[in-house]
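Novice: Once you've had a glance at the structure underneath, I'll fire off some questions.
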Amino acid sequence: MNRAFMSVAFLLVITVPVSGQQTKWDSVAHSLFKELIEINTTESSGSTLQAARAMAARLRTAGFPDSDVVVLENAPRKGNLVARLRGRNNGGKPILLLSHIDVVEAKAEDWTLPPFQFIERDGTFYGRGVADDKDEGAIHLAIIMRMREERFVPDRDIIVALTADEEGGPANGVAWLLANHRRLIDAEYAFNEGGGGRVSGKDGGDTARISHDVQASEKKYINFQFEVTNPGGHSSVPRPDNAITQLAVALAKITPGILPVRLNEVTRAYFTRLAAVVEKETPAMAAAMRALVANPGDARAAATLSADPRYNSQLRTSCVATLLEGGHAPNALPQRARANVNCRILPDEEPARVLAALQRVVADTGVHVTMQGEAQNSPPSPLTPELMGEIERITREMWPGVPVIPTMSTGATDGLYLRNAGIPVYGVSGLFYPETFAHGMNERIPVRAFYEGLEFMYRLVKSVTGQRPIS
């Protein structure tokens, strides 16, 4: 961060709606959200181009000039929307509000509700993409529309990008934009998915909030192939050197804790702050967190935390078998057995070291372990006091007593590409969601949480861009 954040010079009215649309901008965000959900944007049969064009039309209707609303069609049914709210450009490079508008597949026969119909029922929004990630797309668009109508000009441009292909398919989204149109999305830093509020129960009520998480890092993704070959033979004459059995023995050695504990700036901050949150209910876990931050070589503390899969995945690179195939006939000894082992690698871990560790653990030269492709680096984003301070301040305003905790995602987002391009990324949203069934059936989010997230992001974006009224 090259500049200090400017103080807010006007009073922000705290509006935390309980349900429904309580303000004009709640209604606008709701309308954008509904339209996005009801456009199928799956890889197999949907169109992010249609969604991008629909949102571009909404921005133009709101008064944005054509020059600041760009839809890029780079493949059949593929489209990215890049919109810009112009600032005074005396405070540095733009900030980027990023969300993806493609969604994972949703078969209607697997749902009890129609996946591409936006449904509000009993304080809950339903539909494919309501949690991942069209909620944030609608929020980001509503923010710049509101700022424009309120005649506030930021000290720098605010870019909103709604992109394709985060969930899979060819790289027609953020990676393509960086390679071909970087100037459109170049920014000092970006806000993206990956963060949000943690709740203890399923209702998402005030008393359920545990922490407000900010994603500042994410693991790298890579696959390894395990393969065993054998001359085979007739199944009536079994031999001790069976390809399937040999592979199975090797896979059994791939346990969650085979790689060593390695903390980084983000995970040290994560366990330091989380210890205070969990201390009341799980004091042993809290003590282990503090002990491990003080001494990453503390084997006892590491063992305590590793017993919880969520914490274990923050401690180390993790690997797990995900695909398996072997044999060629039911009455023949297998000539080949093969498995895919998926690894989520720490940001500063070298894939070659993981390969060497897997080979060492398997300890069988008859099992050939090979790296499939290359892992892309994803350097952690710096936890700058200015930005973290603003996130913490606004969190205190809206949810007193809720701590802000930096996190490392164990999955992957489009932030990977931006970080590789030198643009820091922070997953922050103000969205306190319980179980959402993202990627699953009947994807859902609480209505109230959506509107609270809208208000949080509005305040945050205005704060970090030093808003001033037009004179």
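Every number in this text was worked out from the coordinates using simple rules, so none of it is lab data. Computed from a predicted structure; not experimentally measured. With ideal geometry, Cβ positions are generated from the backbone for all residues, glycine too; neighbour counts draw on all protein chains shown.
Novice: Can you pull the Kirkwood radius for segment 322-373, inverse mean 1/r over Cα pairs, to one decimal in Å?
Specialist: Its Kirkwood hydrodynamic radius stands at 13.0 Å.
Novice: Another question about this same structure. Can you sort T163, T267, T112 by how many other beta carbons sit within 10 Å, fewest first?
Specialist: In increasing order of surrounding Cβ atoms, one gets T112, T267, T163.
Novice: Could you work out how far helix 48-61 tilts from the main Cα principal axis of the chain, as a 0 to 90 degree angle to the nearest 10?
Specialist: Here the helix axis deviates by roughly 10 degrees.
Novice: Further, regarding this structure: For a protection proxy built on the mean count of beta-carbon atoms within 10 angstrom, sort 444-454, 428-438, 130-140 highest first, please.
Specialist: 130-140, 444-454, 428-438
Novice: Here is a further query. For the chain, what does the relative contact order come out to in percent, with C-alpha contacts under 8 Å and a separation of six or more?
Specialist: 25 percent
Novice: Quick one: what are the phi-derived ³J(HN,Hα) couplings along segment 379-393, Karplus 6.51/-1.76/1.60 with θ = phi - 60°, whole Hz, x for glycine and proline?
Specialist: x, x, 7, x, 8, 5, x, 4, 5, 4, x, 5, 4, 5, 4
Novice: Still on this structure: What does the charge count around L292 come to, taking other residues whose C-beta lies under 14 Å from its C-beta (Lys +1, Arg +1, Asp -1, Glu -1)?
Specialist: So the surrounding residues net to +4.
Novice: I'd like to know which of N312, A284, M388 lies farthest towards the positive end of the charge dipole of the chain, counting +1 on Cβ of Lys and Arg and -1 on Cβ of Asp and Glu.
Specialist: My answer, from the dipole projection, is M388.
Novice: At q = 0.11, 0.12 Å⁻¹, what log₁₀ I(q)/I(0) does the chain have when each alpha carbon counts as one equal point scatterer in the Debye sum?
Specialist: Log10 I(q)/I(0), no solvent term: -0.94, -1.09.
Novice: For P231, what is the net charge nearby, where nearby means another residue's Cβ is under 14 Å from its Cβ and Lys, Arg count +1, Asp, Glu -1?
Specialist: Values: positive: R239, R336; negative: D241.
After counting each charged neighbour, the total is +1.
Novice: Mind pulling the angle between the C-alpha long axis of helix 351-362 and the longest principal axis of the chain? Nearest 10 degrees, somewhere in 0 to 90.
Specialist: Helix 351-362 sits roughly 40 degrees off the main axis of the chain.
Novice: Let me understand segment 403-471 better: what is its radius of gyration from the alpha carbons, and its Dmax, in angstrom?
Specialist: Rg and Dmax of segment 403-471, Cα atoms, are 15.5, 50 Å.
Novice: Once the principal axes of the Cα atoms of segment 166-302 are found, what is the range along each, listed largest first in whole angstroms?
Specialist: Ordered largest first, segment 166-302 gives principal extents of 66, 51, 35 Å.
Novice: Turning to a different aspect of this structure: What is the sum of charges, Lys and Arg at +1 and Asp and Glu at -1, for the other residues whose Cβ falls under 11 Å from the Cβ of N340?
Specialist: In short, -1.
Novice: Follow-up question, since we're still on this one. Checking a compactness column here: for segment 36-172, what do you get for Rg(Cα) / (2.2 N^0.38 Å), N being the number of residues?
Specialist: Numbers: Rg = 15.8 Å, N = 137, 2.2 N^0.38 = 14.3 Å.
Normalised Rg, Cα atoms only: 1.11.
Novice: Using packing as a proxy for protection, rank 360-366, 312-318 so that the peptide with the highest average count of other Cβ atoms within 10 Å comes first. Walk me through the numbers on the way to the answer.
Specialist: Numbers: 360-366: 13.1, 312-318: 21.3.
The densest-packed peptide leads the list: 312-318, 360-366.
Novice: Mind putting a number on the dipole of segment 314-432 about its Cα centre? Charges go on the C-beta only, +1 for Lys and Arg and -1 for Asp and Glu, and I need it in Debye to the nearest 20. Please report the intermediate quantities before stating the final value.
Specialist: Values: 9 positive and 11 negative charges, 78 e Å.
Computed about the Cα centre, the dipole is about 380 debye.
Novice: Further question: Strictly greater than 21 Å: what percent of every Cα pair in segment 120-191 meets that? Intermediate results must be reported in sequence, preceding the final value.
Specialist: Working: 1090 of 2556 pairs.
Roughly 43 percent, once rounded to a whole number.
Novice: Here is a follow-up. To the nearest 10 degrees, how steep is helix 447-464 against the longest Cα principal axis of the chain, on a 0 to 90 scale?
Specialist: The angle comes out at about 70 degrees.
Novice: Filter K78/K219; K93/K134; K219/K462; K24/K462 down to the pairs with a C-alpha to C-alpha distance above 21 Å, please. Walk me through the numbers before you get to the answer.
Specialist: Working: K78/K219 27 Å; K93/K134 26 Å; K219/K462 30 Å; K24/K462 18 Å.
In this structure, K78/K219; K93/K134; K219/K462 lie more than 21 Å apart at Cα.
Novice: Okay, moving on. Cα extents of segment 337-471 along the three principal axes, largest first, in whole Å?
Specialist: Sorted from largest, the Cα extents of segment 337-471 read 72, 37, 28 Å.
Novice: A further question follows. Just how far, in whole angstrom, is segment 421-452 from segment 74-115 if you go by their alpha carbon centroids?
Specialist: After rounding, the separation between the Cα centres reads 14 Å.
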